[in-house]
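> My structure is below; once you've seen it, I'll send some questions.
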Amino acid sequence: MARVAVITAPNIGYRNTGMVTVDLAFESLRRRMAAPVDATWYTLHPPETVELRECVRGTEFPFRFRPLAEHLDELRDHDAVVFWGDFLHTRHYLAQDATNRLMDFGMAEDRDAARQLLNRTLLLADQPEELLSRTLSYGGTILHNTQSDYEDKEYGPLFARLVTGSHRIWTREPLSAAKVARLRGDRATEYFGADAALLSRPGDLDHLPATAWSQDLPEGGAIGVFLGARTEIPAWLPEFCASLADRLGAPLEWLPWFDRDVPARAAHIARRPGDHTLGDLLHVLPRYRLVVTDTYHLAVNAWGAGTPVLCVGAPEPVPTTHDDYLTLSDVKKHVFHMAYDAADFYLTTLPDTREGHERRLDRLVHLVEGGGADAVAARIREHADQSATAFTETLTSLLDTPR
């Protein structure tokens, strides 16, 4: 049986629901592949590094992560290496999130030591060219990379070596795809892949345990709301959401995508009683009329389930410190919606007139009830299915190639 090393971003405690769906999507693809594949999973910090989130405790996941830094030499024993999702190869991730986390957990004494470790684990600095030639990258992004990043004397050459030496790359949005095409000197190949979470088809995650929590919705459906985790809720948004609920005839309902307190400006939104599982959070998505959120992967998963999303985002701030994580930037949400002609469903937090809000409400209701939202969801699903086929065919071909 072919062996594949899968490297993902750390999701300690499984706190980030969306990142779990990214990892589960690889398993969805693996089960659909014609030839059997044995996957070994690696990440910088396994989920069990901290106490697991309550709603995932007891869940039998189809993967068990090994700490990448401790098992780096094992990569050469695999027939292929797959980097799966996220910002793993962007300079800002290496300098910000990843470096800070390594120091927080005592894996590096300082920033320089952390960067050396990250160069070896995520940029494969010490690995031979032959291993790079058996490496795929799917669903990543270099959206925020700039010329100054490439001029970094460490990052620039190592990043260029990985990008040009890898067997194949698919990024999760078209701007990164254009950058990869330029770096590889290949404008003819399709580098725009879907977000990895979209590669699970409807029904693929039905194996996750669920309860009655996700079954019963009001007649006519409900609108799932999760706000305040990524973007500050503007004062006018609660009234806007209430008007949208009235127009669609569906009540607002809090969707606990992350474990966090409900923000004060959403305190009026009803919470569904009872305890929920991770499976409940995913199984409820196709039952909603609409999802309203500021959280990237909730938007991605809802669209993937065929449910339209009103995605809320703020104008892009200028980062000033190592704690201004570009991985949390609202730009990725806007780019995702623009890539699929879904900008009608992206709502900026900038103030507008009452007349402007009424026009926006009219357009949203028309799209949701008139079939426009269905067209967007179908566009996203079609691209995800095509991209999944391209990835699995490429991986199969690579695994069939004698080493």
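The values are calculated or read from the model by the stated rules, or taken from the named source; none is laboratory data. Quantities reported herein were computed from a predicted structural model and do not represent experimental measurements. Note that we place each Cβ from the backbone using ideal geometry, even for glycine, and neighbour counts take in every protein chain shown. For accessibility, only protein heavy atoms count, side chains too; no ligands or nucleic acids. Shrake-Rupley method; radii C 1.70, N 1.55, O 1.52, S 1.80 Å.
> Calculate what fraction, in whole %, of the accessible area of the chain sits on carbon and sulfur atoms when a 1.4 Å probe is rolled over the protein chains. Present the calculation step by step, with values, prior to reporting the outcome.
Numbers: 8310 of 16800 Å².
Percent of accessible area from carbon and sulfur atoms in the chain: 49.
> For Arg260 and Glu74, what does the FRET efficiency come to when R0 = 35 Å and r is the distance between their Cβ atoms, rounded to the nearest 0.05?
Details: r = 36 Å, r/R0 = 1.03.
About 0.45, to the nearest 0.05.
> Hey, another quick one. Note down the nm distance, to one decimal, between modelled labels 7 Å out along Cα→Cβ at Arg120 and at Arg379.
Those two pseudo-labels are separated by 4.6 nm.
> Grab the Cα-Cα distance for Ala178 and Arg57, subtract it from 0.36 nm times how many residues apart they are, and report the gain in nm with one decimal.
On the way: separation 121, 0.36 × 121 = 43.56 nm, distance 4.05 nm.
Length gained, Ala178 through Arg57: 39.5 nm.
> Extension gain Glu239-Arg287, at 0.36 nm per residue separation less the Cα-Cα distance, in nm?
Extra length available between Glu239 and Arg287 comes to 14.9 nm.
> Considering the dipole of region 262-403 built from charges on the beta carbon (Lys and Arg +1, Asp and Glu -1) around the Cα centre, which of His334, Asn301, Leu399 is farthest to its positive end?
Highest projection toward the positive end goes to Asn301.
> I'd like to check one number: the per residue accessible area of the chain, probe 1.4 Å, reported in Å² as a whole number. Write out the running numbers ahead of the final one.
On the way: 16800 Å² over 403 residues.
Solvent-accessible surface per residue comes out at 42 Å².
> Here's another thing I want to ask about it. With label points built 7 Å along Cα→Cβ from the Cα atoms of Val331 and Glu232, find their separation and express it in nm.
For the pair Val331/Glu232, the computed spacing is 2.1 nm.
> Determine by what factor the alpha-carbon radius of gyration of region 345-399 differs from 2.2 N^0.38 Å, reporting the quotient. Spell out each step's value before the answer.
Details: Rg = 18.5 Å, N = 55, 2.2 N^0.38 = 10.1 Å.
That works out to 1.83 for region 345-399.
> On to the next question. Which value at 222 nm does the chain reach when only helices count, each DSSP H run of 4 or more adding -39,500 (n - 2.57), with the total divided by all residues and rounded to the nearest 500 deg cm²/dmol? Don't jump to the answer; show the numbers that get you there.
Values: 13 runs with 145 residues, N = 403.
It comes out at -11000 deg cm²/dmol, rounded to the nearest 500.
> If you take the C-alpha gyration tensor of the chain, multiply each eigenvalue by 5 and take the square root, what semi-axes do you get, largest first, in whole Å? Each step should come with its number before you reach the end.
Numbers: eigenvalues 248, 105, 92 Å².
Calculated on Cα positions only, the semi-axes equal 35, 23, 21 Å.
> Could you calculate the contour length gain from Arg3 to Val365, that is, 0.36 nm times the residue separation minus the distance between their Cα atoms, to one decimal place in nm? Don't jump to the answer; show the numbers that get you there.
Details: separation 362, 0.36 × 362 = 130.32 nm, distance 4.86 nm.
Residue separation times 0.36 nm, minus the Cα-Cα distance, leaves 125.5 nm.
> In addition: Mind checking which of Ala181, Pro157, Ala196 is farthest towards the positive end of region 149-196's charge dipole, using Cβ charges of +1 (Lys, Arg) and -1 (Asp, Glu) about the Cα centre?
Of the candidates, Ala181 comes out farthest on the positive side.
> If you count, for each residue, the other Cβ atoms within 10 Å and average over each peptide, how do 118-129, 223-234 line up from highest to lowest?
Working: 118-129: 18.1, 223-234: 20.5.
For the peptides 118-129, 223-234, the packing ranking is 223-234, 118-129.
> Can you give the Rg and Dmax of region 162-276 based on its C-alpha atoms, in angstrom?
20.4, 55
> Rounded to the nearest 10 degrees, what's the angle between the helix 174-184 long axis and the longest principal axis of the chain, both from Cα atoms, 0 to 90?
It works out to around 10 degrees.
> Run the dipole for region 257-403 about the Cα centre, Lys and Arg Cβ at +1, Asp and Glu Cβ at -1, nothing else charged, and hand back the magnitude in debye, nearest 20.
Values: 15 positive and 21 negative charges, 57 e Å.
Computed charge dipole of region 257-403: roughly 280 debye.
> Continuing with this model, one more query. Mind telling me which of Trp303, Trp84, Trp41 comes out most flexible in a GNM of the chain, alpha-carbon contacts under 10 Å?
Between Trp303, Trp84, Trp41, it is Trp41 that shows the largest mean-square fluctuation.
> Tell me the Kirkwood hydrodynamic radius of region 34-109 in angstroms, computed as one over the mean inverse distance between distinct C-alpha pairs. Can you show the working numbers first?
Working: mean 1/r = 0.0681 Å⁻¹.
Averaging 1/r across every pair of different Cα atoms and inverting gives 14.7 Å.
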